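A quick write-up on the structure given underneath.
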Amino acid sequence: MPQYDFRCKSCGKRFSLHFKSVANYAAATPKCSECDSVELARVISGVAIPQAQRDYRKMSSGEMLSVLEAGEKKQVDDMFRQVNSTDGSGSA
């Protein structure tokens, strides 16, 4: 569900709107939630891009050692969580 952030050009209020799809957004005429103005500016906010999770269980011992030597806490935690899980999902 796409979320779009706006700033009203009339009253200055910032707000977000959710749409079911990009096509719904393209067909919509969004209005300010404060003053009902249609004079809006899109605000570009931070963008979240999910990263593919590595499958540490398929790594060789040398590759796992490289992860440990790199010392990046999140990667090491993810690796131990995945390797120690019983169902392979990464949650113990």
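The values are calculated or read from the model by the stated rules, or taken from the named source; none is laboratory data. From a predicted model like this one, the values you see are computed outputs, not experimental measurements. Backbone-built Cβ (ideal geometry, glycine too); neighbour counts: all protein chains shown. Areas reflect the complete protein model, heavy atoms only, side chains present, ligands, DNA and RNA absent. Shrake-Rupley method; radii C 1.70, N 1.55, O 1.52, S 1.80 Å.
A few points about this structure:
- Residue selected from region 1-38 under the condition open to solvent by 100 Å² or more (accessible area, probe 1.4 Å) and in a loop (DSSP other than H, G, I, E, B), by the criterion nearest to ASP77 (Cα to Cα): MET1
- Looking across region 42-55, the residues that are surrounded by 10 or more Cβ atoms within 10 Å (Cβ to Cβ), in contact with a strand residue (DSSP E or B) (Cβ under 8 Å, 6 or more places away or on another chain) and modelled with pLDDT of 80 or more come down to ARG42, VAL43.
- In region 56-90, the qualifying residues are those that are open to solvent by less than 50 Å² (accessible area, probe 1.4 Å) and assigned to a loop (DSSP other than H, G, I, E, B), and the one that is modelled with the highest pLDDT is MET59.
- Pair list, Cβ under 6 Å, 6 or more apart: region 28-48 residue closer than 14 Å to GLN3 by Cβ, other residue surrounded by 12 or more Cβ atoms within 10 Å (Cβ to Cβ) and charged (D, E, K, R): VAL43/ASP5; VAL43/ARG7; SER45/ASP5
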